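Trainee: Take a look at this one; I'll ask things after.
The values are calculated or read from the model by the stated rules, or taken from the named source; none is laboratory data. Everything numeric in this text was worked out from a predicted model, so none of it was measured. Every residue, glycine among them, receives a Cβ derived from its backbone with ideal geometry; neighbour counts consider all protein chains shown.
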Amino acid sequence: MKKLPKILILVLLAAFLIPSFAFGQHQSQVRNRFEQEFRTTSEVINQARNIISNSKIDKGIELLGLAEQIQNQARSMGTAGNYTNGITLTYSAREKAKNAALLNRQANENENLVRRQLEKTEKLLDRIRTNMPTDAGQKIESLYNTARENQRRAREFYHNQQLRPALKLSRQVENSLKKLIERVKEMNGNLEQLQNQIGRLENKIVRLEYMMQNCDSERAEQTLKEVKNQFENIKREQNNKEVEGLENRLRSMNQRLNAVIEICQGTDFQTDQLNRLQAEFDQVASFIRESENKKAQKLLKTVESNLRKAEHLCQTGDSEACAANIKAAQINLRKAKKLAGL
């Protein structure tokens, strides 16, 4: 019976000591976890600080400052032994630091995107400037200068960290430059076509001047003189890139020259010329076919085709095309005869 109180005392001591030991062990575990999480957050904050060190992104800088402030509060909680709340705070600080670094990375990606767009548009401007004719015309020059000025404004937006308007404006410049390229190509194509028309008309005037030597018609002479004056004006306008309406004027001049041909030649003259050429063809055709010269035989077939076309065109009243085919038949027949030894 005397031993009973000692056992009771031991039981009571154990009842007090065991919870105290368990609590101390739990506190040690929480402290260790706090210290580990705190170190992890400090590393994340340092990484974010390195990323943002040269950044101009206000939101990122603000978030990083907030992360550092919360981390300091977490340290105070840990010093006071309030590890649980300290862990919660250091989690919050870590999240803020991660968001700050993410904002900076996104901003850098956006900046790189805008910079690449600006460089792309710059290269397009340089290429157009290099390939644009010096006499491209005032309208084309004005469009190019407008595009260049808008690109300068886009660069200013970029330098001022106004990335969205910089990107939008530079893309607009790129689109306008692409349209300008198509316009220059179209203009060059139209100019080439116009130059060909002018060249054909000039040759026609030369032929008619020669024809006028045997044409006793004041009306035809006056018409040719007027067309020549108009033609000189057109050449000057073409040199100055004033091409609006020139095609219609060239067509009108060509019609007036056709009228001169009808006055001085007429279909009777061309019919006589065609008949004489056909007779010559009939005289030599058999000899050329019997020759061993393949090129002469091939030219003879071309002469036949020229004569058929000339006959059809004369009948339909297209005196200019008729005359061109008669001329071609004469040249080809002369070459064929020479090759065949006639």
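Trainee: Within region 92-99, can one find any residue that is at pLDDT 85 or above, exposed (fewer than 12 other Cβ atoms within 10 Å of the Cβ) and basic (Lys, Arg)?
Mentor: Checked region 92-99: no residue is at pLDDT 85 or above, exposed (fewer than 12 other Cβ atoms within 10 Å of the Cβ) and basic (Lys, Arg).
Trainee: Go through region 16-45 and give me each residue that's at pLDDT 60 or above and among the β-branched types (Val, Ile, Thr).
Mentor: Answer for region 16-45, where residues must be at pLDDT 60 or above and among the β-branched types (Val, Ile, Thr): VAL30, THR40, THR41, VAL44, ILE45.
Trainee: Would you check if LYS120 is over 30 Å from GLU182 (Cβ atoms) and assigned to a helix (DSSP H, G or I)?
Mentor: Taking the combined requirement at face value, the residue does not satisfy it.
Trainee: Here's something else I'd like to know. Quick check on ARG49: is it part of a helix (DSSP H, G or I), surrounded by 14 or more Cβ atoms within 10 Å (Cβ to Cβ) and modelled with pLDDT of 80 or more?
Mentor: yes
Trainee: Could you list all residues from region 126-165 that are modelled with pLDDT under 85 and aliphatic (A, V, I, L, M)?
Mentor: Passing the criteria: ILE128, MET132, ALA136, ILE140, LEU143, LEU163.
Trainee: Scanning region 158-169 for residues that are within 23 Å of the chain's Cα centre (by Cα) and of a type outside the set (Gly, Ala, Ser), which turns out nearest to LEU125 (Cα to Cα)?
Mentor: LEU169
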